[in-house]
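In what follows, a structure is listed as structure tokens, so that the remarks can point back to it.
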Amino acid sequence: MIELTLGEVAAIVGGRLSRADPATVVTGSVEFDSRAVPPGGLFLALPGERVDGHDYVAQALAAGAVAAVVARPVDGPAIEVADGFAALAALAAEVLRRLPDVLVIGVTGSSGKTSTKDLLAQLLRRLGSTVAPPGSFNNELGHPYTVLRATDDTRYLVLENSARGIGHIRHLTEIAPPKIAVVLNVGSAHLGEFGSRAAIAQAKGELVEALPSDGVAVLNADDPLVAAMAARTRARVVLVGEAAGADVRASDVSLDELGRATFTLRAAGAEATVRLRLVGAHHVGNALAAAAVALECGLPLDAVAAALGEAKALSRWRMEVTERPDGVVVINDAYNANPESMRAAMKALAEVARARRATGGRSFAVLGEMAELGADSRAEHDAIGRLAVRLDIARVVAVGDVARPIQHGAALEGSWDGESSWVPDADAAVALLRAELRPGDAVLVKASRAASLERVALAIIADASTDASTDASTNASTNASTDGGDG
């Protein structure tokens, strides 16, 4: 964050100084985790579902925080406010107003926001200092928190914009008005809260409505609900996709044995070959959106293609691919799930498995719940099970009560004789995989965050390390005995 005195912060957030010197300068970052507060930083004490930040003010001050922003009196220097979240939003908005040279890029969509944000950050860093959120910091806490990472050196600020209702994205754009907006897709994520895809589209479109007349709206030409948002913005529209009319287009898309896409990137009459390191055909659309923004910011097409080819997945548990020494491939995509991202991940698994089938490799889809689908939950889970059979996935494992319809759908579609099963929890899924996996198999683990299925992926990856250590120990012991006998 830019340097501000406590007096300035108090004035910005409408707070009252308590036992704090108004001339003290905040030289470090603003943090809501007391363990992350640096010397000279500011601690934001927020009440949470399980812990209350006010209980950790003393710890933050001991770590070097110059003060805490609090909603009730505490023992130590503080700025007392009525609402911590409102204070954070006000501070972020004012900091950004004091950084007029920062170009704000907003990204929204039912799926792919975090992957696209990570791609954008890696491309734009070739042009200048870039701030992007860690992980999925995209709500009323993570969004302004990311804004406060910006400093006088920042040139590009990439922000995720999420919504759980109408007006949520509009609120975020009031904190950080975008100059470039990216809308990836309108899917079924949070369908239970919105009630319809039309309502989701209404919410997502708030991002392009916030653009100035000299801004740029990057819209997915392959999604009719997104393409229609062109009518809701006064900004210039750039269409991206595989559609013939897209301004930034992908053609000749192919996938390698690990499901990584190669395609021809076309824009403004020029073209370049892109070879992604990310797994899954769905990343082509994410890459096109990132490419369009980078081109608008002045990165040449060849440099865009090269940067996309070098880009990595920066956020954990999103299509993370690990190949064990025995050839088992584990795709850990357990950070989040909705029907669209679930289908994309399963298609990626099918591609990986197809390349391994000749040597006896099988595909395992370990799938947990997709949260926040409301009345459509059972039908959507059932449809995922049916898709698994149509994709010829060898083994479907549904985990947890909410995911049980996945197994039912697979069975009704034709999965039988143990090809689909249900287990109650992650531990049972790990036990099943340990009993059934063999060299050359490919495993996808995916669910909404609440299911914590990353534990399944991490456990079976760790098994390989344990096995390797055991083998090495056994070999060392055998060799030592043999050498001793020879001696």
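Readers should treat all values here as calculations from the given coordinates under stated rules, not as data from a laboratory. All values derive from a computational prediction rather than experimental measurement. Backbone-built Cβ (ideal geometry, glycine too); neighbour counts: all protein chains shown.
Within 9 Å, Cβ to Cβ, of PHE263, how many net charges do the neighbouring residues add up to if Lys/Arg are +1 and Asp/Glu are -1? Overall, the nearby charge balance is -1.
For region 235-317, the list of GluC sites (Glu not before Pro) that fall in a loop by DSSP and count at most 14 other C-beta atoms within 10 angstrom reads GLU257.
Taking label points 7 Å from Cα along the Cα-to-Cβ direction, ASP153 and THR262 give a separation of 3.8 nm.
A cut-off under 13 angstrom between Cβ atoms defines the neighbours of VAL147, and their net charge, with Lys, Arg +1 and Asp, Glu -1, is -1. Backbone geometry of region 45-60 corresponds, through the Karplus equation with coefficients 6.51, -1.76 and 1.60 at θ = phi - 60°, to 3J(HN,Hα) couplings of 8, 10, x, x, 5, 10, 9, 10, x, 4, 6, 10, 4, 4, 5, 5 Hz, x marking Gly and Pro. DSSP finds beta bridges in the chain, and of those with both partners inside it, around 30 percent are antiparallel. Compute the helix-to-body angle for 454-486: its Cα long axis versus the longest principal axis of the chain, expressed 0 to 90° and rounded to tens. With rounding to tens, the tilt is 60 degrees.
Each residue, ARG236 and ASP392, gets one label point 7 Å from its Cα in the Cβ direction; the gap between the two is 4.7 nm. Pairs exceeding 20 Å between alpha-carbon atoms, taken from LYS179/LYS204; LYS117/LYS312; LYS179/LYS312; LYS204/LYS446: LYS179/LYS312; LYS204/LYS446.
Stretched out straight at 0.36 nm per residue, the stretch from ALA23 to LEU412 would grow longer than its current Cα-Cα span by 133.1 nm. Label reach from ARG275 (point 7 Å along Cα→C-beta): in region 292-335, amide nitrogens under 11 Å belong to 309-310. Taking 0.36 nm per residue of separation and subtracting the current Cα-Cα distance, fully stretching the chain between ALA228 and SER213 would add 3.6 nm. Phi-derived couplings, Karplus 6.51 cos²θ - 1.76 cosθ + 1.60 at θ = phi - 60°, listed residue by residue for region 438-453: 9, x, x, 6, 10, 10, 9, 10, 8, 5, 5, 4, 4, 6, 6, 6 Hz, with x used for Gly and Pro.
Annotation: extensible slack from ALA462 through ARG438 equals 7.1 nm (criterion: 0.36 nm per residue apart, minus Cα-Cα distance).
Shown here for region 1-108: trypsin sites (Lys or Arg not before Pro) in loop regions (DSSP other than H, G, I, E, B) with at most 10 other Cβ atoms within 10 Å, namely ARG50. Classify region 4-88 as rounded, prolate or oblate, taking a ≥ b ≥ c as the square roots of the eigenvalues of its Cα gyration tensor: rounded when a/c is under 1.5, otherwise prolate if a/b is larger than b/c and oblate if not. It is oblate, given that a/c is not under 1.5 and a/b is not larger than b/c. Legend: calculated FRET efficiency, PHE85 to ARG449, from the Cβ-Cβ distance at R0 = 25 Å, rounded to 0.05, equals 0.75. Rounded, prolate or oblate for region 297-345? Axes are the square roots of the Cα gyration tensor eigenvalues, ordered a ≥ b ≥ c, and the cut-off for rounded is a/c under 1.5. Oblate, since a/c reaches 1.5 and b/c is not below a/b.
Among GLU369, GLU320, the order by Cβ neighbours within 10 angstrom, fewest to most, reads GLU320, GLU369. Loop-located trypsin sites (Lys or Arg not before Pro) across region 149-256 with a Cβ neighbour count of 12 or fewer within 10 Å are ARG234, with loop assigned by DSSP. The label point for ARG35 and the one for ARG72, both projected 7 Å from the Cα toward the Cβ, are 2.4 nm apart.
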